[in-house]
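Report on the following structure.
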Amino acid sequence: VSQNSLGFTYALNSRENKLTPWNNDTMHDNNGEMLLVKGTGRYYDIIKGARTVFAPCKADYYGKVKDMEYHTAVRVYQRGMGKEITVSVTNRSRSEKKCQLSYYTEPVLGADRTANNSGAGLSYFEDENALYIKGGNSAFRGEMAVYCDRETVRTTNREWFFAGAADSGVSPCMNGCAALTAKIKIKPDETVKVKFILAYARKNIRRQLDAFRNVSTGWETEKAHTLNSPSPEMNKLYNTWLPWQTVGCRMWAKSGFYQNGGAFGFRDQLQDSMAAAYFLPKEAKRQILNCCNSQFAEGDVLHWWHRAGNLRYGVRTTCSDDLLWLPYVTAHYVKVTGDRDILNLGVRYAEGEALDGAQEKYMEVKIGDASENVYMHCKKALEKGFKTGDKGLIKIGGGDWNDGYNRVGAGGRGESVWLSMFYVLTVKEFAPLAREMHEDKYAEELEKRAAQLTCAITENGWENGYFLRAFYDDGTKMGGKDSEYCKIDLLPQAFSVLADIPDEEKKKSALSNAYRQLVSEQSGIIKLFSPPFSEDSTDDPGYVKSYPMGIRENGGQYTHGALFYALACFEAADDLFNESPKQST
């Protein structure tokens with residue numbers, strides 16, 4: 001939802017199984033769900049322009065039209081797939097009022113309405129006060145229901161509805177809708193409540209809707225680590241909104257107003273799990289196991305995937321960093337929660353087509369029969385991810401943390417300074433777990449690799465007061481003094497501290513240079529690198545050039561990267577930026 005609309009609703013997958021449309025339109029917002037009131041011959045949208053109060057899993061809208069006050073409460077059911085919208089209407093006049101209240105939706109039951117010809121491929125059924133909609137989404141095969149707790153007129157023809165002919169009947173049509181209209185009378189100072197429910201189920205939708213009619217909404221969360229600072233705004237942000245944004249938005253919905261993905265990203269949700277381990281550890285654990293299920297027996301992983309039942313369909317790639325996040329985040333989870341039992345949990349591997357020399361393949365993936373414990377999944381990732389090149393650094397493959405660098409090492413020779421730092425950091429966190437699993441020799445082997453990588457980073461990855469980003473296939477430096485584009489990249493400066501590269505002066509210089517060249521106080525952002533690539537640049541790092549300059553991976557603020565830089569600054573000395581009053585402030 002937003003402050004101006006009811007947003008959109010999905011079930012199971014926010015991209016592949018939308019119930020109502022998602023639209024990235026900052027000017028007009030989403031209008032696939034609306035609450036409309038017809039009173040004195042005019043229609044009013046009682047959400048747009050209302051005063052809005054948000055809380056995790058709920059939103060309240062307060063508005064007024066002449067003498068009528070409206071409070072709309074939007075809630076999500078704790079169990080089952082259902083959303084409840086309760087509208088309380090209060091008459092502040094001295095006479096009885098009549099009005100029509102409509103809950104209007106545009107059913108999708110798929111990725112978008114154009115795929116089913118603006119709803120023409122949907123079938124409609126009705127009984128009592130509910131409309132049922134069934135679509136042709138073969139991956140999910142569910143039904144949607146729109147219900148009201150009082151007698152209503154049901155409408156499935158969008159054009160007729162907006163023309164004012166509410167009772168258009170229930171039948172399939174081009175550009176269809178699912179709208180329920182209740183006619184209500186309200187005495188002076190009386191409050192009348194009207195409850196709507198939008199529900200979804202793969203089977204027995206009527207039974208699920210019946211269960212929703214007499215239960216209350218609610219939400220269970222574990223108590224988070226709380227912040228009690230002098231700033232109430234910071235406390236609210238830390239104790240409520242950052243945890244909710246991390247889990248509710250990124251790990252569950254995988255959607256937002258800016259981007260509607262719906263898919264799991266191997267690296268993405270594991271990074272989010274690092275935060276969730278502190279306040280909702282069961283979700284962090286669930287994501288680690290989910291990622292083990294998306295790893296192949298060879299050790300590589302799906303870069304991203306959609307999940308539908310027992311099937312996964314996504315992209316198998318030569319991206320070089322994804323798999324390393326599994327051992328790194330698992331070690332972090334164990335350290336934060338103390339849950340060492342996770343290491344011995346058996347999890348099956350994914351099965352899919354081999355890449356056979358391709359950089360990536362989109363494929364349907366099944367969960368196979370082969371199974372090993374989480375520790376062995378992590379170990380396979382560390383083995384698969386250790387491929388070094390001529391300079392002793394790990395090969396970048398089809399891209400590392402910056403997906404847009406997919407051509408830096410397309411020929412199989414490009415190497416990544418940042419990725420080598422990340423491997424060192426992962427070993428630092430994971431080697432103690434190897435010893436706990438009585439694999440001392442393997443822990444020693446990992447530490448030997450980390451020492452070799454550290455030497456290579458120090459000898460080949462340093463220039464002009466900061467660390468390089470990578471080397472192209474032909475040995476050209478990325479992120480150095482002679483680079484026309486990406487003269488300095490944020491990640492290796494930050495990870496030099498996090499990986500504890502043993503040269504304090506180099507690390508201090510790296511962070512200071514990153515601050516001077518990448519932190520924009522005027523814009524309030526921390527850039528990923530600078531200058532950004534242009535489409536006509538002679539360098540060919542990959543599809544990062546397709547983004548506008550200074551946007552997203554092409555030199556914009558990429559918040560995960562900015563946070564690692566902030567963490568590195570926090571772990572560094574207190575007097576790091578005291579060279580000038582402006583920086584100190």
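Angle of helix 374-384 to the longest C-alpha principal axis of the chain, folded into 0 to 90 degrees and rounded to 10: 50°. Counting Lys +1, Arg +1, Asp -1, Glu -1, what net charge surrounds M34 among other residues with beta carbon under 11 Å of its beta carbon? My count for the surroundings of M34 gives -3. Estimated translational diffusion coefficient (Stokes-Einstein, Kirkwood radius over Cα pairs, 20 °C, 1.002 mPa s) of segment 480-525: 188 µm² per second. Normalised by the number of residues in the chain, the mean separation of alpha-carbon contacts (under 8 Å, six or more apart) gives a relative contact order of 8 percent. Gyration tensor over the Cα atoms of segment 272-331: the corresponding equivalent ellipsoid has semi-axes (square roots of 5 times the eigenvalues, largest first) of 20, 15, 9 Å. Overall shape: prolate for segment 496-569, with the ratio a/c of the largest to smallest alpha carbon gyration tensor axis at 1.5 or above and a/b above b/c. Across E447, E84, E351, the residue with the most accessible area heads the list, and the full order at a 1.4 Å probe is E351, E447, E84. Convex hull volume of the C-alpha atoms in segment 27-127, normalised per residue: 175 Å³. Residues in the chain average 46 Å² of solvent-accessible surface per residue, probe 1.4 Å, ligands and nucleic acids excluded.
Summary of packing: across the peptides 50-56, 507-513, the per-residue average of other C-beta atoms within 10 Å ranks them, highest first, as 507-513, 50-56.
If you sort R150, R413 by accessible surface, 1.4 Å probe, largest first, the order is R413, R150. Hey, what did segment 447-585 get for relative contact order, percent, Cα under 8 Å, at least 6 apart? It rounds to 21 percent for segment 447-585. For segment 60-195, place one equal point scatterer on every Cα, skip the solvent, and apply the Debye formula. What is log10 of I(q)/I(0) at q = 0.09, 0.12, 0.18, 0.20 Å⁻¹? For segment 60-195, the Cα-only Debye profile gives -0.31, -0.54, -1.05, -1.19. Evaluated at q = 0.19 Å⁻¹, a Debye calculation over the C-alpha positions of segment 68-113 (equal weights, vacuum) places log10 I(q)/I(0) at -0.82. Ordered by solvent-accessible area of protein heavy atoms (1.4 Å probe), largest first, the residues D400, D482, D189 come out as D482, D189, D400.
Length gained on full extension, A253 to S93: 53.4 nm, using 0.36 nm per residue less the C-alpha separation. Centre-to-centre, using Cα atoms only, segment 507-528 and segment 406-437 are separated by 25 Å.
Computed across segment 23-69, the Kirkwood radius stands at 12.4 Å (inverse of mean 1/r, all Cα pairs).
When the surface is traced with a 1.4 Å probe over the full set of protein chains, K254 keeps roughly 30 Å² accessible. With the alpha-carbon atoms of segment 170-327 aligned to their principal axes, the span from lowest to highest coordinate is 67, 54, 29 Å, starting with the largest. On a 18 Å Cα-Cα criterion, which of the cross-link pairs K58/K236; K387/K448; K387/K441; K285/K428; K391/K441; K395/K506 come out too long? Over 18 Å Cα-Cα: K387/K441; K285/K428; K391/K441; K395/K506.
Binning all Cα-Cα separations of segment 263-373 at 10 Å, short to long from zero, yields these whole-percent fractions: 15, 48, 31, 6, 0. In this structure S320 has an accessible area near 10 Å², from a 1.4 Å probe over the protein heavy atoms. Between helix 504-518 and the chain there is an angle of about 40 degrees, using the helix long axis and the longest principal axis of the Cα atoms. Debye-formula intensities of segment 530-570, expressed as log10 I(q)/I(0) at q = 0.20, 0.22 Å⁻¹, are -0.62, -0.69 (one equal scatterer per alpha-carbon, no solvent). Taking every alpha-carbon pair within segment 438-585, the share separated by more than 20 Å comes to 52 percent. When nucleic acids and ligands are ignored and a 1.4 Å probe is applied, Y10 ends up with an accessible area of around 70 Å². Against the chain, whose longest principal axis comes from its Cα atoms, helix 440-460 is set at around 80 degrees.
Sorted largest first, the principal axis extents computed over the alpha-carbon atoms of segment 333-380 equal 40, 23, 16 Å. Computed from the alpha carbon positions, the gyration tensor of the chain leads to an equivalent ellipsoid with semi-axes of 50, 27, 23 Å, biggest first. Computed from label points 7 Å out along Cα-Cβ, the spacing between R516 and Y362 is 4.6 nm.
The values are calculated or read from the model by the stated rules, or taken from the named source; none is laboratory data. Since this is a predicted model, take the numbers as computed values, not measurements. Every residue, glycine among them, receives a Cβ derived from its backbone with ideal geometry; neighbour counts consider all protein chains shown. Quick note on the areas: whole protein, heavy atoms, side chains included, nothing else; ligands and nucleic acids left out. Shrake-Rupley method; radii C 1.70, N 1.55, O 1.52, S 1.80 Å.
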